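One structure below.
Every number here is computed from the coordinates shown, using simple stated rules; none is lab data. For clarity, every value in this text was computed on a predicted model and none was experimentally measured. Because the Cβ atoms are built from the backbone with ideal geometry, glycine has one as well, and the counts that use them run over all protein chains shown.
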Amino acid sequence: MFKKYFLAVLILFSASLPALSQTSDSLALKKLTDEILLNGKAYENLYRLCKSVGQRLSGSAGMYKGEEWGLQALKDAGAEKAYLQECMVPHWVRGQKEFAGFKTKKRAADPTFKVLAIGNSVGTGDKGVLAKVIEIANFDELDRRKDEVKGKIIFYNYHFNKTLLHSAYGDAVRYRGRGASAAAKYGAVAVIVRSVTAAYDDNPHTGALNYNDSFPKIPAVTISTKDADKLSNYLKGSYSEDDLFLRTNAMMLPDTLGHNVIGEIRGSEFPDEIITIGGHMDSWDPAEGASDDGTGMVHSIEVMRALNAIGYKPKHTIRIVLFANEENGGKGSAKYAQEALEKKEKHIMAMESDGGGEYPRGFSCGMTKEQFAKVDSWRKYFEPLDADKFLFSEGGGGGADIGPLQKNFKTAQFGLNTTGQRYFDMHHSAIDVFENVNAQELHLGAAVMATMVYLVDKYGL
Ligand SMILES: [Zn+2]
């Protein structure tokens with residue numbers, strides 16, 4: 001009888017174990033996310049970054065100021081150890097303000113256009129480039145009209161496809177990334193690329209290009225969406241036979257020393273197993289790099305601060321990494337993964353935030369099916385934050401900065417996804433400023449990240 005009773009109690013008790021831990025996890029997670037939503041420092045940190053540091057292009061004075069800000073922010077968040085990891089980065093400079101305008105002797109005032117040199121591009125030098133412009137809708141048209149290209153400026157007027165929701169950027173950015181070499185292949189002297197954005201305004205959006213070494217390096221600029229339409233109209237009308245004068249003084253200097261900025265809390269049970277969480281330090285120069293990627297850095301730092309604030313002792317080593325040079329080289333992420341390999345580190349998960357500070361929706365999960373099954377079982381913890389959308393791809397990526405870890409260690413990847421419908425309005429342009437980030441949305445992003453970090457740290461992957 002006693003035995004029977006004991007067994008029944010045992011069965012009852014063990015059946016309620018998962019329920020108990022679920023409740024204690026729900027309570028701990030509520031405490032963690034409330035800490036961020038009520039006492040979060042991410043917004044304040046972002047303000048300091050944007051207003052006291054500003055742009056942080058690789059190799060610039062802003063990059064070094066950003067590194068100092070990062071070290072201090074990590075210490076303030078409770079990092080036991082905060083340090084710099086050296087890496088060589090490209091040093092591209094914009095030079096004096098760019099100019100693009102028709103040049104004729106016929107009229108008193110010829111139209112000019114708002115342009116910005118594309119990162120990594122060569123400049124025209126002071127003498128500029130004077131040539132006729134050919135408008136091209138896409139690469140197919142370029143190939144069809146290749147015999148007309150020699151000696152001309154190619155104007156890629158490819159529109160951001162608003163029906164693609166989350167892949168419009170990837171679709172349109174091809175023209176910024178490889179349009180210069182594609183046109184140089186047929187003898188073009190420069191390219192003008194319609195800004196990669198859904199916004200219709202006067203802000204050119206820069207970004208990086210990659211030259212194909214098989215062809216001459218020609219100058220490349222991006223033009224605001226409004227001025228792209230203006231240029232297109234002029235080319236259809238009375239300026240069709242006129243030359244356009246383009247001047248940029250951009251140039252690539254020798255590589256220079258930059259750093260990944262790293263803050264760590266040592267794990268209590270598995271100190272040799274590492275959880276990496278990060279965003280990137282560098283940003284384009286027209287503004288403050290608030291959404292790209294100030295928000296990703298302050299998200300990551302906030303995860304560490306909040307875990308400390310509620311007194312949570314991580315089992316695994318938590319490492320916050322502010323990666324150098326994501327925008328025009330990826331040297332910081334490559335260095336981090338290479339050093340990890342040399343030190344034979346074990347990386348159990350990596351998380352990246354590089355989609356802005358908008359309302360979080362969930363994660364892109366690049367991992368094995370077995371790992372994802374576990375992650376998927378935690379969905380209920382994300383429902384209170386309305387961010388339970390997990391997009392699985394076996395072995396898929398979570399972002400540019402954590403990608404090399406996956407290559408070296410097959411580390412599970414989490415890329416924070418936001419609604420992302422405003423991000424590209426600001427992206428790489430003069431309006432990527434602090435004022436365009438919402439405090440509550442920003443803190444929600446950190447809360448969603450912290451929730452996943454807590455679960456992976458507690459239960460492993
Ligand atoms: Zn970015």
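The figures follow:
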item: Whole-Hz ³J(HN,Hα) from phi, Karplus 6.51 cos²θ - 1.76 cosθ + 1.60, for segment 244-251, glycine and proline x; result: 10, 9, 10, 9, 9, 10, 5, 7
item: Rounded tilt (10° steps) of 439-459 against the dominant C-alpha axis of the chain; result: 50 degrees
item: K132 long-range amide H proximity, modeled H, under 5 Å; result: I153, L244
item: Kirkwood Rh (inverse of mean 1/r, distinct Cα pairs), segment 109-180, angstrom; result: 14.3 Å
item: Share, in percent, of DSSP beta bridges within segment 92-246 that are antiparallel, nearest 5; result: 50 percent
item: Cα-centred dipole magnitude for segment 98-252, charges only on beta-carbon of K, R (+1) and D, E (-1), debye, nearest 20; result: 220 debye
item: Long-range amide H partners of V196 with built H, under 5 Å; result: H205
item: Whole-angstrom Cα spans of the chain along principal axes, big to small; result: 107, 40, 39
item: Dipole axis of the chain (+1 Lys, Arg; -1 Asp, Glu on Cβ), positive-most option in V196, H91, G179; result: G179
item: Qualifying chymotrypsin sites (Phe, Trp or Tyr not before Pro) in segment 191-255, DSSP loop, other Cβ atoms within 10 Å at most 15; result: Y200
item: Cβ-placed point charges (K, R +1; D, E -1), dipole of the chain about Cα centre in debye, nearest 20; result: 500 debye
item: Highest to lowest packing among 85-96, 50-61, 161-172, 286-297, scored as the average C-beta count within 10 Å; result: 286-297, 50-61, 85-96, 161-172
item: Euclidean distance of C-alpha centroids, segment 419-461 and segment 238-272, integer Å; result: 21 Å
item: Using a Förster distance of 41 Å, the FRET efficiency for A373-A400 (Cβ separation, nearest 0.05); result: 0.95
item: Gain upon complete extension [N210, K344; 0.36 nm per residue less C-alpha separation]; result: 45.0 nm
item: Amide hydrogen neighbours beyond the local backbone of R361, cut-off 5 Å, H modeled; result: N417, T418, T419
item: Net length gained if the chain between D386 and L37 were fully extended (0.36 nm per residue, minus Cα distance); result: 124.2 nm
item: Beta bridges by DSSP in segment 253-349, antiparallel share as percent, to the nearest 5; result: 30 percent
item: Antiparallel DSSP beta bridges within the chain, percent to nearest 5; result: 50 percent
item: Karplus 3J(HN,Hα) series, Hz, for segment 320-332 with 6.51 cos²θ - 1.76 cosθ + 1.60 (x for Gly, Pro); result: 9, 10, 9, 6, 7, 6, 6, 5, 10, x, x, 6, x
item: Calculated FRET value between A28 and K162, using beta carbons and R₀ = 60 Å, to 0.05; result: 0.90
item: Calculated on alpha-carbon atoms, Rg and Dmax of segment 98-252 in Å; result: 14.4, 46
item: Separation in nanometres of the label points that stand 7 Å from Cα toward Cβ, at T112 and E435; result: 2.4 nm
item: C-alpha center-to-center spacing [segment 176-196, segment 51-115] in angstrom; result: 23 Å
item: Two-site FRET efficiency, K226 against R266, from Cβ-Cβ distance with R₀ of 56 Å, rounded to 0.05; result: 0.60
item: Note, ³J(HN,Hα) from phi for segment 150-163, Karplus 6.51, -1.76, 1.60, rounded to Hz, x at Gly and Pro; result: 3, x, 9, 9, 8, 10, 7, 10, 7, 8, 5, 7, 5, 7
item: Set of segment 189-206 residues, backbone N closer than 17 Å to the point 7 Å along the Cα-Cβ line of K103; result: 189-192
item: Among 66-77, 124-135, the order from most to least packed when residues are scored by Cβ within 10 Å on average; result: 66-77, 124-135
